[in-house]
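One structure is given below, encoded as structure tokens.
The values are calculated or read from the model by the stated rules, or taken from the named source; none is laboratory data. Just so you know, these numbers come straight off a predicted model, no measurement behind them. Ideal geometry is used to build each Cβ from the backbone, glycine not excepted, and the neighbour counts take in all protein chains shown.
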Amino acid sequence: MTELHVHIPDDLADRLSAEAAQRGVDAETLAGEILAEQLPASRSLGFASLGRSTTGRGTAEDEDMLTDGFAFVGVGAGGPDAPSAAEAERALEDGLDEGFAR
């Protein structure tokens, strides 16, 4: 476990101590719990490492894209002339991205 020293205003220390006493824990434990709530662990997508990628991206890159709100290609209503997700992906990989942002 890592030890961390922080400087906080006196009024915040007082509130932390009062809340910790109310919960029956020490101030350090409560501060750790609050930090853990505010800074959750990274989302891990175990399924993303299954199979083989055809994009050349690694699992970490896929997780970053999902975390950043990446919209999946091929999701939604496409017209009869719309490319399949695989066709769109190949075109994007080849640098042919005109028309995909319509």
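Can you name the residue in segment 16-32 that is assigned to a helix (DSSP H, G or I) and surrounded by 13 or more Cβ atoms within 10 Å (Cβ to Cβ) and, of all such residues, is farthest from the chain's Cα centre (by Cα)?
SER17
Answer yes or no as to whether LEU4 is loosely packed, with under 12 Cβ neighbours inside 10 Å, out of contact with any Leu (no Cβ under 7 Å at 6 or more places or on another chain) and modelled with pLDDT of 75 or more. Against the criterion (loosely packed, with under 12 Cβ neighbours inside 10 Å, out of contact with any Leu (no Cβ under 7 Å at 6 or more places or on another chain) and modelled with pLDDT of 75 or more), LEU4 qualifies.
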